[in-house]
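Presented below is the structure to which this report refers.
Please treat every number below as a calculation from the coordinates, not as lab data. Just so you know, these numbers come straight off a predicted model, no measurement behind them. Cβ: placed from backbone, ideal geometry, glycine included. Neighbour counts: every protein chain shown.
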Amino acid sequence: MKSDKTILITGGAGFIGSHAVRHFINKYPYRIVNLDALTYAGNLNNLKDIQGHPNYHFEKADIRDRDALDRIFNFYKPDWIMHFAAESHVDRSIMDPLAFIETNVLGTANLLLAARKHWQELQGKLFYHVSTDEVFGSLGAEGYFSEDTPYDPRSPYSASKASSDHFVRAYHHTYHIPVIVSNCSNNYGPYQFPEKLIPVVIQNILNEKPIPVYGDGTNIRDWLYVQDHIDAIDLIAHRGKTGETYLIGGHNELRNIDLVRLLCNIMDHKLGRTKGHSENLIRFVKDRPGHDQRYAIDASKLEKNLGWLPMIKPEIGLEMTVDWYLKEKEWLAGVTSGAYQAYYEQQYQNR
């Protein structure tokens, strides 16, 4: 199958990025170049089903390495960049802010430098930057984030993503690089590394270990099934306007404690345990520093302009996610192996 476009997907071995790689490989005749540094959360087993596809290419490289980016741009000559690569865990950003600045800010700046250097002709080019709703700060009991909400990041992670968003827009206005930015709510689904809430809960229930819940568990998040997110990105990349920002939300607000209890009920049913068994594992722990109270997205721009709506409700999406993790216990064991834990400790706990 002849490819008519080359897309460079950064962070394509990670959680959301691997879903994007698989989606675009299976749906379009595009050449997909997956650039990933394969840090602790990057895993080529996330893409074992498409290994060997004639339009799929993998490059182990770090977006902080400008020479590597020049080599990849020279060789593949990408038409689009879809930028997923990022340090993304708030707790780790509190422990080690510098790692987030290096990857999320400097890494994004390096990609923009490479795009400006190698894209002599801008027709047909696109720099698609994947960001988060956390750049907007925290909401009270009412209201929603929109594309016009002022930035108010509250953690080193969200500050690094806010900075990268600003650099992307600055390159559009200063150098006319065609860009699109999208900010999404909390993703969940298969292949998510077990440092985030949902896979942590699933893993701890499997092993009958305590389930940590920050504070009183009343913090609210909007949950977006990962394939809904990828479908939105696909639509925005092909039909969205360059220079624009689009918010992607799931319309699924849940308190953390309610999400955890829902997972407990699903897991008890799947594992044949007595209802309420797993809820006994819940432990309220000291709250995260600067913990944002509520995130919620107004995705009406995306819905009205491009006709997108999320398809998966949490009750269905969480059951699908649990089914996947129960089926892929070998994957789960592999990413929590001694090698991954040693990498994590070396990079983040001993700096």
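Brief remarks on what is shown
- Out-of-range pairs (alpha-carbon distance over 23 Å; input 5/241; 48/161; 48/270; 5/327): 48/161; 48/270; 5/327
- The chain: relative contact order as a whole-number percent, Cα under 8 Å and 6+ apart: 17 percent
- Comparing 79, 91, 49 in a Gaussian network model of the chain, where Cα atoms under 10 Å apart are tied by springs, the biggest mean-square fluctuation is seen for 49.
- Nearest-0.05 FRET efficiency for residue 328 and residue 75, computed from C-beta distance (R0 35 Å): 0.55
- Magnitude of the charge dipole, the chain, Cβ model with Lys/Arg +1 and Asp/Glu -1, debye to 20: 600 debye
- Ranked by how many other Cβ atoms sit within 10 Å of their own Cβ, fewest first, the residues 39, 174, 218 fall in the order 174, 218, 39.
- Overall, the ratio between the Cα radius of gyration of segment 1-138 and 2.2 N^0.38 Å, rounded to two decimals, is 1.04.
- Mean residue ellipticity at 222 nm, helices only, the chain: -12000 deg cm²/dmol; runs of at least 4 DSSP H residues each add -39,500 (n - 2.57), and the sum is divided by the number of residues.
- Average Cα contact separation per residue, segment 183-308, under 8 Å, 6 or more apart, as relative contact order %: 37 percent
- In this label model, residue 311 and residue 207 are separated by 3.5 nm, measuring between points 7 Å along each Cα→Cβ vector.
- Fraction of alpha-carbon pairs over 19 Å apart in segment 44-111 - percent: 47 percent
- Based on Cα atoms of segment 172-294, Rg over Rh with Rh as the Kirkwood radius reads 1.09.
- Relative contact order [Cα under 8 Å, 6+ residues apart], segment 90-176, whole percent: 44 percent
- For segment 73-130, convex hull of alpha carbons as volume per residue, Å³: 75 Å³
- Restricting the trypsin sites (Lys or Arg not before Pro) of segment 15-54 to loop positions (DSSP other than H, G, I, E, B) with no more than 14 neighbouring Cβ atoms within 10 Å leaves 48.
- Karplus 3J(HN,Hα) series, Hz, for segment 36-52 with 6.51 cos²θ - 1.76 cosθ + 1.60 (x for Gly, Pro): 8, 7, 6, 6, 4, 9, x, 8, 5, 5, 5, 10, 5, 6, 10, 4, x
- Most simply put, the chain has about 10% antiparallel DSSP beta bridges, counting only bridges with both residues inside it.
- Exposure proxy order (Cβ contacts within 10 Å, fewest to most) of 264, 184: 264, 184
- Cα-centre dipole for segment 48-191 with unit charges at Cβ (Lys and Arg positive, Asp and Glu negative), debye to 20: 500 debye
- Given R0 = 35 Å, the distance between the Cβ atoms of residue 274 and residue 26 translates into a calculated FRET efficiency of 0.30.
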